[in-house]
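Notes follow once the structure below has been shown.
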Amino acid sequence: MIVSEVYWKIVSDTVSVLSIFIEGLYFCRFVKPFLTKNRHIYLIAITHIIIMFIQFIVPFEIRGGYADAIGAAAVFFVMYIMDKRNWEKKVFLAVAFYILEWISWGVLVAVWNISCDIYMLVPAVRESFLLQFVAHVICLMLRIVMEIGIMGMQVKLMHRIYIYKSENITKNELVLMLAPFASFIMGRNLFRYFNDVYEMDLKRYIWEYHHGYNFILLLYQLITFAAMFTVIKTYQNIKAVKRKEKEETILARQMEDMKNHIGEVEELYRAIRSLKHDMKNHVMVLEKLCGKNEEAGRYVTQLMEQIDETTLSAEIKSGNPVTDIIIREKQKEAKEKGIDFQYEFHYPDNSKLNAFDVSVILNNAINNAIEAAIECENAYIRLSSYRKDNAYMIEIKNSFVGKREIDENSGLPFTTKSGEGHGFGLANIRKMSQKYFGDIEIGQSEQEFSLVVMMMIE
């Protein structure tokens, strides 16, 4: 190997290693928003970089198109070890990034070949080895810049169109998503096959004789990305429709259950009030019958005090019987679980608010607060409401351990619960507030989580 060839190889190998690092970092960046357990997310980048570097230093025959697939498979294994739940989504992420790498590679190769053809058309460059080497280095530097730009653009667009990142993918959905991806992968292998066969037969690259090959390759990459974009966008639209239907079903069920429950509780409280009234009358008769018997008189007086002090007589007066019942029951539930529940809640007078809409907000918000606070030592919940001009504000604060990750698309925390009906509480609260041209605001500080719900009442 002559000295000049060594320089060319050093520069090319340096760019290849830089490309490995870029792809590893973007792989990590791509999958991060999709993983609920991403504490050791850096392991994904490290794994991809190591696997690809090992393949880079082995003979060319076992690298090529299979290297990216091996790197993606290794990252899938790491993601699965980090969190064994929903392996289907991890398969999708690995395959999707594998295709993104192929698209990036195809665009770069096409642009690279075209740029080489252009600078070799210059007579001075064609006749000078030094100028060819300088042009080669400049093109490699531009290639690195382009790779960063292309990978960054692809990842950003994928994050933007893939809205429901925290939701799982079923096996049927995985098959639906990967079916068109299979044709993309087949297309990649066909391009490589024809290029390798041409090189073996003629000892020259196909684009050196057929310049249209580069434009066909570039066009194919753009079509592949557009098709991939369309598949994911369509899938997300289907998920959005299904999620909206589910939200509306759960909300309607909550409203119906709330009305039935409140009706039953109101009937029960009326019966209890009537019974208490009768008991007081009976105690008053007993007091008269006891006459001058001091011991019996003291017993009757004590019995009367116990009836007056019962929790049923100390009723909550929030300004609306519906919210009275919700707060009363949630206060009782919190007390049973050792949570200090304090409230200063007042239902707004002469407002257009529907009491059952407010009950949905209170029920969901306090349920979430109880679930979060129960894990704390000094557990507490603070419920308050106030008016600010034409806005009615409901604020719920609770003790909290840790920090909730926020979905950048919805602005809501990722749900940590699984199962039917979970993950829609805050979404339904927001829907109720938006019904009155308002919204919600979520705050997190040290050991406290807060939710503010705003509704316009005039």
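If R₀ is 25 angstrom, what is the calculated FRET efficiency for the pair I138 and Y42, using the beta carbon separation as r and rounding to 0.05?
0.15
Pop out the carbon and sulfur fraction of the accessible area of the stretch 146-231 as a percent, whole number, probe 1.4 Å.
Heavy-atom surface of the stretch 146-231 belonging to carbon and sulfur, 1.4 Å probe: 71 percent.
So if R0 is 60 Å, what FRET efficiency would N168 and V6 give, r being the distance between their Cβ atoms, rounded to the nearest 0.05?
In this case the efficiency is close to 0.70.
If we sort 199-210, 214-225 on the protection proxy, mean other Cβ atoms within 10 Å, highest first, what's the order?
Packing proxy ranking, top to bottom: 214-225, 199-210.
Over the heavy atoms of H346, what accessible area does a 1.4 Å probe trace out, to the nearest 10 Å²?
100
For H210 and K242, what does the FRET efficiency come to when R0 = 35 Å and r is the distance between their Cβ atoms, rounded to the nearest 0.05?
Given R0 = 35 Å and the Cβ-Cβ separation, E is 0.15.
Using 17 Å as the cut-off for backbone N distance, which residues of the stretch 365-380 belong to the label zone defined by a point 7 Å from the Cα of Q447 along Cα→Cβ?
Of the residues in the stretch 365-380, 372-380 have backbone N under 17 Å from the label point off Q447.
With a 1.4 Å probe and all protein chains kept in place, how much accessible area does D257 have, in Å² rounded to the nearest 10?
In the full protein context, D257 sits at about 90 Å².
Separation of the stretch 356-403 and the stretch 195-231 by C-alpha centroid, Å?
Distance between centres, Cα-based: 58 Å.
What accessible area, in Å² to the nearest ten, does a 1.4 Å probe give for V111?
Answer for V111: close to 50 Å² accessible.
The values are calculated or read from the model by the stated rules, or taken from the named source; none is laboratory data. Keep in mind that this is a model prediction, so the values were computed, not measured. Note: ideal-geometry Cβ built from the backbone for every residue, glycine included; neighbour counts use all protein chains shown. All accessible areas refer to the heavy atoms of the entire protein, side chains included, with ligands and DNA or RNA removed. Shrake-Rupley method; radii C 1.70, N 1.55, O 1.52, S 1.80 Å.
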